[in-house]
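The values are calculated or read from the model by the stated rules, or taken from the named source; none is laboratory data. Everything quoted here is computed from the prediction, not taken from an experiment. Here the Cβ positions follow ideal geometry from the backbone for every residue, glycine too, while neighbour counts run over all protein chains shown.
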Amino acid sequence: MSELQQKAIRMISDLSDDNISFLIDIINRLIPQSELDGGAVLPEDNAHEKMQAFLRLDAARAEISSYLPADFDPERELAEARLERYGNIG
């Protein structure tokens, strides 16, 4: 098991059952059902599934945002994560 997988397991094990349920719901929205079932996706169905996934994600945006602090800045978070992982490059 990779270090990243171990970190994910540690993070999930600290969550409440309600938050785990929410996390599973988000994962299900992001991964097409056919991939979860191991079935093949026909090309004509693929565009429809992608649009459905986008619409579900867009509908979930408000709910997802409620879990973030009011002053959440994704660009700042990304910059901090890059600095932490790669250090000051250049």
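Taking (1) under 17 Å from the mean Cα position of the chain (by Cα); (2) at pLDDT 80 or above; (3) not polar (S, T, N, Q) in turn, Ala62 satisfies each apart from (2).
Pairs linking a residue in the stretch 20-38 that is modelled with pLDDT under 80 to a residue that is small (Gly, Ala, Ser) and part of a helix (DSSP H, G or I), with Cβ atoms under 9 Å and 6 or more positions apart or on different chains, are Ile31/Ala53; Pro32/Ala53. In the stretch 5-17 there is at least one residue matching the filter, namely being among the acidic types (Asp, Glu) and modelled with pLDDT of 85 or more.
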